[in-house]
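The values are calculated or read from the model by the stated rules, or taken from the named source; none is laboratory data. Here the structure is a predicted model, which is why all the values come from computation and not from measurement. Reconstructed Cβ throughout: ideal geometry from the backbone, glycine too, with neighbour counts over all protein chains shown.
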């Protein structure tokens, strides 16, 4: 069984904020893959279902971000799971908007939700880092992540969430590259084409200028037979006379 966590803050006030992209991810997975209705448990909202052949529990802690580990730890004890059975979706300011990376273990990089998870379950869990960008100044980070996504971000955000849902069965089976490929297909869909370059229009020429051969000049309409090649002139015979003989011949 796999426990998949989406980090965020409860309540409508935070529903569309950057900090809640983890909630958005598990909401999309649950909706697209026919999970049971959400219910209150483990100090959060939980639902169960299947992703491919894997039984999966989705959890959204309602302890607020800074205490997310309390909810996650309670769920892990109930299901008798280890940190290796846990995957966490969270916002990542160190990745550009629309970028996604997987990571196993490591530090919390100052993320308060991950800091709480470290305290309750240790660091050895899988993370799905969902890029939201950085405001540029450290002191601006709290306000930035608690601000709603701007309208300009809606397209890539929807594409990323669709990709997460598409790849969720791969993620549950431990196929990280397959999951990332599904997300990439949504964010950068392949362009269809014939693979041939479009025809180029003929180059324009100055008025009165003669057309260049092969550059769009009209073909002749009269006799098109190929003319016979001219015969090469025969070379002059080589003068075999000695210099003295040539001099004598000049005075004859």
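A few remarks follow.
- Helices (runs of 4 or more DSSP H) fully within region 39-151 counting 2 or more residues that are modelled with pLDDT of 95 or more and exposed (fewer than 15 other Cβ atoms within 10 Å of the Cβ): 68-79, 141-145
- Region 6-19, subset part of a helix (DSSP H, G or I) and in contact (Cβ under 8 Å) with a residue 24 or more places away in the chain, residue surrounded by the most Cβ atoms within 10 Å (Cβ to Cβ): 18
- Some residue of region 15-24 being under 30 Å from the mean Cα position of the chain (by Cα), at pLDDT 95 or above and over 17 Å from residue 130 (Cα atoms): no
- First in region 85-110 and at positive phi, second anywhere and in a strand (DSSP E or B) and surrounded by fewer than 21 Cβ atoms within 10 Å (Cβ to Cβ), Cβ under 7 Å, 6 or more apart: 98/131
- If you go through region 152-170 and pick out every residue that is exposed (fewer than 12 other Cβ atoms within 10 Å of the Cβ) and in contact (Cβ under 8 Å) with a residue 12 or more places away in the chain, you end up with 0.
- The set of residues in region 25-38 being surrounded by fewer than 23 Cβ atoms within 10 Å (Cβ to Cβ) and in a helix (DSSP H, G or I) consists of 27, 28, 31, 32.
- Search result, residues across region 171-187 that are under 24 Å from residue 2 (Cα atoms), crowded, with 18+ Cβ neighbours inside 10 Å and either free of Cβ contacts under 8 Å to residues at least 24 places away in the same chain or within 13 Å of the chain's Cα centre (by Cα) (or both): 179, 180, 182, 183
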